[in-house]
Amino acid sequence: MKVFVVGSTGRVAEKLLEILSQAGHEVLAGARRPEAVVKLNHVTPVLFDLHDSVDQLAEQLGQAQAIIFVAGSRGKDLLQTDAFGAVKVIQAAEKRGIKRFIMLSSLFALEPERWEHPVFASLKDYNVAKFFADNYLITDTNLDYTIVQPGALKEEAATGKIQVISDQFGNISIPDLAQVLAELLAYPNTIGKVIKLISGDQAISEALSEV
C-alpha cells in the first residue's frame, strides 16, 4: 500500500517509518524538513508544511492510498499544526479521494471532563487542539478514520502487547504505539472507532481484531 505519513521526523514517526518499510509499504514521508527524514528502503521524503493551503497539501499527497497523521508541535505551534494543520490535511485527503485516515491523538482528547486530572496539568492546550481536530474528523467528513488515543509515551523497548481501555490512565512504549498505527491498515473493523490504549498483556494483533 502507498501510505503518506504526516510529520515524519518525530519520535513516533521514525519508528513507524521503519515498521512500514519493513512491511513492504511504499511510504511518502511528509515533513517540513524532508532532509531530516530517516533514510530507509521504500521511504520517499516529501516537503509537507502544515502552514500551506489545503490545495497545496492535496497536491503533495500524490497517489497515497492511506494517511497516518503523527505530526505534533510539542506545544510550539498548537493552532497551526495540531489543530488547524490536522483539519487541512483531512480536507486535502477528501480533495484527493483518499478515504483511509489514521489520526494519532491524545488520551481522552474527546472527554474534557477528564482533563482536570493532574496527569493532564501540562497538556490542556494540546488536548484542546486535539479535541477540535478529532471532532472535525468524526463529524465533518466521510473518511474511513481511526483515531488512536495513547497513554503517556515512553522511550522503552517494544513489548508487542497493549491494552485497549475506556477509563484508566497509563503509559505505552513508542515502538508499540508505532506498531499499532502501522497494523491498523490491515484492520477495517477499526474504521470509525476511537481507540484508547496503554501497555498491557494482549498481543497487538489480537487487541485490534477485537476493537
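The values are calculated or read from the model by the stated rules, or taken from the named source; none is laboratory data. Only a predicted model underlies this, so the values are computations on that prediction, with no experimental measurement involved. Note that each Cβ is placed from the backbone with ideal geometry, even for glycine, and that neighbours are counted across all protein chains shown. For the accessible areas, the whole protein counts, side chains as well, though only heavy atoms, and no ligand, DNA or RNA atoms are used. Shrake-Rupley method; radii C 1.70, N 1.55, O 1.52, S 1.80 Å.
If you take the residues in the stretch 22-33 that are in contact with a Ser or Thr (Cβ under 9 Å, 6 or more places away or on another chain), of a type outside the set (A, V, I, L, M) and in contact (Cβ under 8 Å) with a residue 24 or more places away in the chain, which one is nearest to Ile68 (Cα to Cα)? Lay out the reasoning, then the answer.
Initially, the stretch 22-33 is screened for residues in contact with a Ser or Thr (Cβ under 9 Å, 6 or more places away or on another chain), giving 26-33.
Imposing the further condition that a residue be of a type outside the set (A, V, I, L, M) reduces the set to 26, 30, 32-33.
When the remaining residues are screened for being in contact (Cβ under 8 Å) with a residue 24 or more places away in the chain, the result is 26, 30, 33.
Values: Glu26: 13, Gly30: 10, Arg33: 18 Å.
Per the stated criteria, the residue is Gly30.
For (1) open to solvent by 20 Å² or more (accessible area, probe 1.4 Å); (2) not in a strand (DSSP E or B), each residue gets a yes or a no:
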| residue | (1), (2) |
| --- | --- |
| Gly24 | yes, yes |
| Val27 | no, no |
| Val46 | yes, no |
| Asp49 | yes, yes |
| Ala64 | no, yes |
| Ile68 | no, no |
| Ala71 | no, yes |
| Phe108 | no, yes |
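Which of (1) on the phi < 0 side of the Ramachandran plot; (2) not in a helix (DSSP H, G or I) is the odd one out, the single condition Glu59 does not satisfy?
(2)
From (1) under 17 Å from Arg11 (Cβ atoms); (2) over 18 Å from the mean Cα position of the chain (by Cα), pick out the condition that doesn't hold for Gln22.
Gln22 satisfies all of (1) under 17 Å from Arg11 (Cβ atoms); (2) over 18 Å from the mean Cα position of the chain (by Cα) except (1).
Is it true that some residue in the stretch 1-14 is touching a His at 6+ places or on another chain (Cβ under 8 Å), of a type in the set (Ser, Thr, Tyr) and open to solvent by less than 60 Å² (accessible area, probe 1.4 Å)?
Just the residues of the stretch 1-14 that are touching a His at 6+ places or on another chain (Cβ under 8 Å), to begin with: 1-3.
After this cut, where a residue has to be of a type in the set (Ser, Thr, Tyr) as well, the list is none.
No; the residues of the stretch 1-14 include none that is touching a His at 6+ places or on another chain (Cβ under 8 Å), of a type in the set (Ser, Thr, Tyr) and open to solvent by less than 60 Å² (accessible area, probe 1.4 Å).
Can you tell me how many residues in the stretch 135-193 are open to solvent by 50 Å² or more (accessible area, probe 1.4 Å), of a type in the set (A, V, I, L, M, F, W, C) and in a helix (DSSP H, G or I)?
The number of residues fulfilling the criteria is 2.
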